[in-house]
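Okay, so here's the structure we're looking at.
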Amino acid sequence: MKIHTTHLTIHPQGPFHFAATAYSHGWVVLLPNRWDAQKQILQRIERLPDGKVVRLTVRGTGTVAQPEIHIAVEHPGTLSAGEQKILLDLVGHMFRVDEAFHDFYELCRRKGGRWEKLGQGLGRLLRSPGLFEDIVKTLCTTNIQWGGTKRMVEGLVEAYGDSFAGDPTHKAFPTAEAIAAVPLEDFSATVRLGYRAEYVYTLARRIVDGELDLRSFWDRAITTPEMKKRLLAVKGVGNYAAATLLMLLGRHDELAVDSVFRQFVAKKYFPNTQPSDAEAQQIYTDWGEWKYLAYWFDVWEGFDEEV
């Protein structure tokens, strides 16, 4: 099958740092994402709503002040104007080009010192094109080392993702329909997710059955505390996962309190004592609606490992 290439461009509002946005969150190396650190290019297989599977090669061009995101789309057949619009929206969503971070940058400027550098287009954390993928990947980060998360996501993509015609070994993230189409027993046996298999399968079934409308989670009229309750009602989502998902939904006012958070805050801010969770969270209280980002980049500042 002949593969064609279509070139698309997004113009985010500056400041915007492409590589920092991609690499500041571990999602960049979870399939179907592939990150070339040397070239600073993100490649991804994406399944369009009509079932067409394409390969995206995404790179940042321009400057932090006048940024561009260039997308090379490899696809079979033609790529309609409607499909191009869908892909522009999906990549823009991943890189959060529709979110405003000026208030965060102003707060960083007032904090001064090491925080000022965040105003150079940082602050955005990469997310998936769709919430189903983000929820599944978040479930795969709970109570497990990062290597296990990568293995589980790879297993899901390999077993249930649709292949790209130009390279059948590269696959898209599975749809809820693909997972729900098999019995739970078969799904659990095929992908080694442990206890998470039931959570992922139940999520897929609820979506397919029309019981859970993921679009409702984007309703900005709902307060963050109420949205957190709704997320906690998703089987398998606890406080840590809910805070992570709130961040992916563009709400940064909840901290993801887990063992990493506790260890980091205790070591950096309470060297001689073990603080309670409430005491630990007070460290970031004055960041208001940006608490999650303040903590995230506090940790990231000293992070020098490859994700």
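The values are calculated or read from the model by the stated rules, or taken from the named source; none is laboratory data. Not measured: the values here are computed from a predicted model. Neighbour counts are summed over all protein chains in view; Cβ atoms, including those assigned to glycine, are modelled from backbone coordinates with ideal geometry.
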Inset, instruction - Considering only the stretch 239-307, give the helices (runs of 4 or more DSSP H) lying wholly within it that have at least 3 residues that are over 18 Å from the mean Cα position of the chain (by Cα). - result: 259-269, 277-282
Inset, instruction - Return yes when Arg220 is basic (Lys, Arg) and either in contact (Cβ under 8 Å) with a residue 40 or more places away in the chain or assigned to a helix (DSSP H, G or I) (or both) and no when it is not. - result: no
Inset, instruction - Could you tell me whether the stretch 195-217 includes any residue that is surrounded by 18 or more Cβ atoms within 10 Å (Cβ to Cβ), in contact (Cβ under 8 Å) with a residue 60 or more places away in the chain and assigned to a loop (DSSP other than H, G, I, E, B)? - result: no
Inset, instruction - Would you be able to tell me the number of residues in the stretch 85-119 that are over 20 Å from Leu249 (Cα atoms) and among the hydrophobic types (A, V, I, L, M, F, W, C)? - result: 4
Legend entry - Set Gly161, Gly147: member being under 22 Å from Asn33 (Cβ atoms), among the small types (Gly, Ala, Ser) and without any contact (Cβ under 8 Å) to a residue 24 or more places away in the chain: Gly147
Legend entry - Failed item in (1) modelled with pLDDT of 95 or more; (2) in a helix (DSSP H, G or I); (3) of a type in the set (D, E, K, R); (4) under 24 Å from His25 (Cβ atoms), with Glu83 passing the rest: (4)
Legend entry - Residue that is surrounded by the fewest Cβ atoms within 10 Å (Cβ to Cβ), among those in the stretch 169-183 that are touching a residue at least 40 places away in the same chain (Cβ under 8 Å) and not basic (Lys, Arg): His170
Inset, instruction - Within the stretch 157-186, count every residue that is in contact with a helix residue (DSSP H, G or I) (Cβ under 7 Å, 6 or more places away or on another chain) and either outside any helix (DSSP H, G or I) or closer than 24 Å to Leu48 by Cβ (or both). - result: 10
Legend entry - Selected residue (only one of Leu31, Leu8 is at pLDDT 95 or above, out of contact with any Phe, Trp or Tyr (no Cβ under 7 Å at 6 or more places or on another chain) and buried (at least 18 other Cβ atoms within 10 Å of the Cβ)): Leu31
Legend entry - Subset of the stretch 225-240 [aliphatic (A, V, I, L, M) and within 17 Å of Ala204 (Cα to Cα)]: Leu231, Leu232, Ala233, Val234, Val237
